[in-house]
1. If you check D282, D256, D286, D238, which single one turns out to be closer than 26 Å to R197 by Cα, modelled with pLDDT under 95 and not aromatic (F, W, Y)?
2. When you look at A162, is it part of a strand (DSSP E or B) and hydrophobic (A, V, I, L, M, F, W, C), yes or no?
3. Provide a single number: the residues in the stretch 111-134 that are crowded, with 20+ Cβ neighbours inside 10 Å and either aromatic (F, W, Y) or over 21 Å from H93 (Cβ atoms) (or both).
4. More than 25 Å from I376 (Cα to Cα) and part of a strand (DSSP E or B) - does that describe any residue in the stretch 195-208?
5. Just one of D496, D460, D483 is under 16 Å from N164 (Cβ atoms) and under 27 Å from the mean Cα position of the chain (by Cα); which is it?
6. Quick one: would you say G99 is touching a helix residue (DSSP H, G or I) at 6+ places or on another chain (Cβ under 9 Å) and of a type outside the set (D, E)?
7. How many residues are more than 21 Å from V432 (Cα to Cα), assigned to a strand (DSSP E or B) and at pLDDT below 95 when one looks only at the stretch 481-505?
8. Suppose we filter the stretch 294-306 for residues that are in a strand (DSSP E or B) and either among the hydrophobic types (A, V, I, L, M, F, W, C) or surrounded by 13 or more Cβ atoms within 10 Å (Cβ to Cβ) (or both); how many remain?
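The values are calculated or read from the model by the stated rules, or taken from the named source; none is laboratory data. Everything numeric here is computed off the predicted structure, so don't read it as measured data. In this analysis, Cβ positions are derived from the backbone assuming ideal geometry, glycine residues included, and neighbour counts consider all displayed protein chains.
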Amino acid sequence: MVMATDMATDTGTGMMSSAKPGSIVMRPAPRKFAGHAALLCSLVVSGAGLTPAVAMAGDWVFDHSSTVRLSHVDRTGDDGYSGLILQGTPNLHLHGEGGRFTADVNYNPTVSLGASDTDPEFLTHELLARSRLEAVEDRVFIGADASARLTGNSSSSAQVDAINYNSDGGQQAYSFGLTPEYRQHINRYANFVSRNRVDWVTYSGNDDGDGSDGSRSRTLNASLQSSRYFNALSWSLDATQRKTFYDSDRDDDTRDFYSANVGYRFGPRWALNGSVGYEDNDIDTDRSDTNGTTWDIGATWTPNARTRANFEYGDRYFGERYSGGFSHRTKRTRLSLDLSREVTNRRYQQTVDSFFFLADSNGDPILDPNTGQPIIANIPQLEDTDEDYLNTQLRGAMTITGRRTNVTITGNIANRDYEESDTDEDSYSLTVRATRDLGSSYNASLTGRVEHVEGSSGGDSDTYDVGFSLSKNLSPRTSTALDMSYRDYDTDSSRDSYTEKRIGVSLTTTWL
């Protein structure tokens, strides 16, 4: 799992922990279930055989609002258009933690209606949801995650939203996953753990390539792990099989992994780990051999509660592999870095586990105040193919918080070497966003973004974005905003290059 924090053990996509106007707060003492939040939680836990009262014990916050925006768009280029676009977006956010159940849901669907020669997508979805249920105490756990994201359909696509969705070859990508886990305590020497997963990824849009086809995957795992007797020493024996079924012409993939792992913690600051194993892969690639022994060694450094660093280095059938991460926080700054070299594909990049979030002091992803969605480090668009590629990348996210000014920086540098077509891509992107409280209920934000992709089948491309927003709180429940943006998209294919200017006004209010 690749995130700005160790999301394998935390509660997932974080929400604000205190109530605000437009929030519904649910406490365990009164047996009251508030609106949609209670309905959602009750459905999930009832399906697992627990009563809603058990799962809802704890604190729950349901934030809700609606945004109506009227924008004028002026786009020049081969596919130019100009006109007004009316959009409506309900913003739904649920965060809660009960005795046996946690859930985090961020959902923002948008309905768009265009005038003149504009052609927005009528309905688009932005979703990020995670939940975890302890179905049987200390024995059976069930995790679930879901996402819906807008993406371009090639590496030369700029970022896509509801307005330019049809002009830029947009796609709506969906993913859904279930992660059942079984634990059995054997004795003081060993425990049995089985972590499994099944997930689905599918696309819809105006794209006819392989990337619009769906796929499903299942992962079976069995592990014998050290128990309390070993204290600072830990060990495990793992067997994992992952099979991916593609709806496209691509053959199904099967990957088998077997490994012996050992780790040792030297006090509270240092821990070392290593493993040896064997893998047997039946996958689409031009490589002559995808089987053989594997090994890796790694270390984790935790000098204090605010800083953590880890790094692993090893060898697999494609050569050296490595991964690492660094996170540090102070009173006013949050920094996260992620480095990796591993074989992956477009499909996996769309699943929740691959997202890289900007996290707060509690390890929860920070929400964009405009969209309500967690801030994700930019990932340049990928080729429209289900082909595997060797991905070498560095991702980073940082926020600086002042008394009245906040600055967020996210970035990505990547090289993708495709396994069959022998194409090679390089890309980078950087986004800087600053917000400031101007007083008298006024707030302003300024955003700048640059993205470069070269070596793709669609040609080299450069994207430059600048945006400005000024908002005012009209009441504790209602605000209005004026926003302007400019984009310049330049690609080797001159007919696909364009510039786009937007200006819009919006009204946001709570509706419960």
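1. Values: D256 fails: modelled with pLDDT under 95; D286 fails: closer than 26 Å to R197 by Cα; D238 fails: modelled with pLDDT under 95.
Residue meeting the stated conditions: D282.
2. On the way: part of a strand (DSSP E or B): no; hydrophobic (A, V, I, L, M, F, W, C): yes.
The answer is no for A162.
3. Count: 6.
4. Scanning the stretch 195-208, I find at least one residue that is more than 25 Å from I376 (Cα to Cα) and part of a strand (DSSP E or B), so the answer is yes.
5. So the residue among D496, D460, D483 that is under 16 Å from N164 (Cβ atoms) and under 27 Å from the mean Cα position of the chain (by Cα) is D483.
6. yes
7. Selection size over the stretch 481-505: 2.
8. Residues that pass the stated criteria total 9.
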